[in-house]
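What follows is a set of notes on a single structure, which appears directly below.
The values are calculated or read from the model by the stated rules, or taken from the named source; none is laboratory data. The model shown is predicted, which means the values in this text are computed figures rather than measured ones. Cβ sites come from the backbone with ideal geometry, for glycine too, and all protein chains shown count toward neighbours.
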Amino acid sequence: METKREAKRLLSMAILAGKIMLENGAETYRVEDTISRICNARSFITYSEPFVIPTGILLAIGFDDNILTYIQRTKSKTIDLNKITLVNEFSRNFVNTEMTIDEGYRYLEVIDRKIAYPNFVNVLFGGFAGGFFSLLFGSSFIDSICAFIISMIVVKTNNILDKVNNIFFINNFIAAALGTLLAILSVKLGLGNNMDKIIIGLIMPLVPGVAITNAARDSMLGDFLAGMSRGLEAVIVALSVAFGVGFMLIIFHGGM
Amino acid sequence: MHYIMQFIYSFLSTAGFAVFFNIPRDSVIKSSFCGAAGWVVYVISNEFLSSSIAGTLLAAITVGLTGEFMAKRFKKPATIFTIPGIIPLVPGAGMYYTALAVIDKNFANAAELGTEAIFIALAIAIGIIVSSSISRALTNLNLEKSK
């Protein structure tokens with residue numbers, strides 16, 4: 001009876017660890033790896049089999065002669081690489097020390113609530129990324145300041161929209177369209193000179209770099225299900241950004 | 001001088017992406033270094049090979065290998081070093097110019113630019129696969145030796 005309670009606790013702890021990683025943008029193979037490492041760390045578990053897809057986790061563990069199975073659907077898709085690092089460190093600690101399962105559970109709950117940077121720092125650096133990127137593409141100094149300010153607005157808009165709904169196609173579309181509108185206005189008002197360079201800078205915080213990276217790394221290890229779905233995510237995000245930019249350009253410059 | 005300026009700008013840009021993706025504070029500078037190294041490789045190879053696809057492939061391999069090396073060295077997941085470094089290589093400019101060409105009804109141009117953007121994205125994926133396969137092979141080799 002005691003083992004069963006322990007096994008249940010361990011199961012829900014491993015699922016929580018996996019959920020934190022998956023919802024913050026880890027590759028599926030890393031989530032599987034971490035879950036099975038956590039489960040196999042305690043000797044009363046005789047068998048463990050995680051199955052992770054980008055939208056959910058299935059985990060079966062065996063003890064004595066019972067098997068427990070749990071299904072967890074994951075939802076939000078933010079990118080917080082700090083949490084992934086922390087869970088990774090936690091799993092290493094959990095395996096190497098005699099940490100109790102309740103302690104581990106509490107530790108994970110702390111990680112889940114942790115905020116790496118305050119929101120305004122995040123937005124500010126999103127702006128830096130866009131501004132310096134347009135400098136990298138050879139824009140003038142004034143254009144890069146425009147790109148910096150507009151990128152900050154784009155990032156902030158995307159953050160707000162993510163809280164309101166979770167249809168990322170619409171969110172990226174609106175953010176890209178708003179950014180393009182502001183870029184066109186800044187050129188019309190005579191603040192910026194080169195509209196192309198400003199727009200290239202401001203769409204960089206929206207491009208699907210994480211999806212491409214994770215799709216490649218998952219496919220490499222034979223996890224083609226995750227690879228395909230992340231690849232499709234990258235395509236949809238890229239299309240929505242392109243549509244958002246194109247939509248505003250059509251309104252202001254005609255064509256089509 | 002040109003390369004030094006490119007290095008500085010890409011370093012700062014990657015640092016921006018690093019904080020934007022919530023990378024742990026002690027790793028921001030390391031991952032910015034990965035990104036800047038990748039970008040300089042991209043600029044140099046773009047000049048000598050005059051092909052942005054080949055340049056992106058080499059740059060992605062550079063980012064991947066430096067990222068994997070740092071991951072081993074500092075015991076952190078490799079993605080926290082590679083993701084910010086990869087972002088400047090993603091064909092955002094290609095996407096934009098493709099959209100512009102479609103709007104101008106210049107479909108021949110759009111097909112050319114769009115294909116190039118798709119191939120650049122694939123080159124990034126292949127670069128990451130190559131670099132992490134190399135690092136995996138080296139780890140396995142070390143394990144074999146230590147047995």
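Below is a table of values for the structure above.
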quantity	calculated
Index of the failed condition, residue A:214 passing every other in (1) in contact with a Lys or Arg (Cβ under 9 Å, 6 or more places away or on another chain); (2) over 28 Å from residue A:26 (Cβ atoms); (3) at the interface with another protein chain (Cβ under 9 Å from one of its Cβ atoms); (4) not charged (D, E, K, R)	(2)
Residue ranges of helices (runs of 4 or more DSSP H) in the range B:51-115 with at least 3 members of a type in the set (Val, Ile, Thr) and on the phi > 0 side of the Ramachandran plot	none
Residue count for the range A:49-94, restricted to those that are polar (S, T, N, Q) and under 23 Å from residue B:83 (Cα atoms)	8
Flag for residue A:104 being within 11 Å of chain B (Cβ to nearest Cβ), of a type outside the set (Val, Ile, Thr), in contact (Cβ under 8 Å) with a residue 60 or more places away in the chain and in contact with a Phe, Trp or Tyr (Cβ under 7 Å, 6 or more places away or on another chain)	no
Verdict on residue A:128 being among the hydrophobic types (A, V, I, L, M, F, W, C) and over 26 Å from residue A:235 (Cα atoms)	no
Those residues of the range B:98-116 which are under 23 Å from the mean Cα position of the chain (by Cα), more than 8 Å from every other protein chain (Cβ to nearest Cβ) and either farther than 17 Å from residue A:249 by Cβ or among the polar types (S, T, N, Q) (or both), in sequence order	B:112, B:115, B:116
Residues that are more than 7 Å from chain A (Cβ to nearest Cβ) and out of contact with any Cys (no Cβ under 8 Å at 6 or more places or on another chain), drawn from the range B:78-97	B:78, B:89, B:91, B:94, B:97
Residue count for the range B:118-130, restricted to those that are more than 8 Å from chain A (Cβ to nearest Cβ) and either surrounded by fewer than 19 Cβ atoms within 10 Å (Cβ to Cβ) or over 11 Å from the mean Cα position of the chain (by Cα) (or both)	4
Unmet criterion (only one of (1) within 23 Å of residue B:14 (Cα to Cα); (2) surrounded by fewer than 24 Cβ atoms within 10 Å (Cβ to Cβ); (3) at pLDDT 90 or above) for residue A:173	(1)
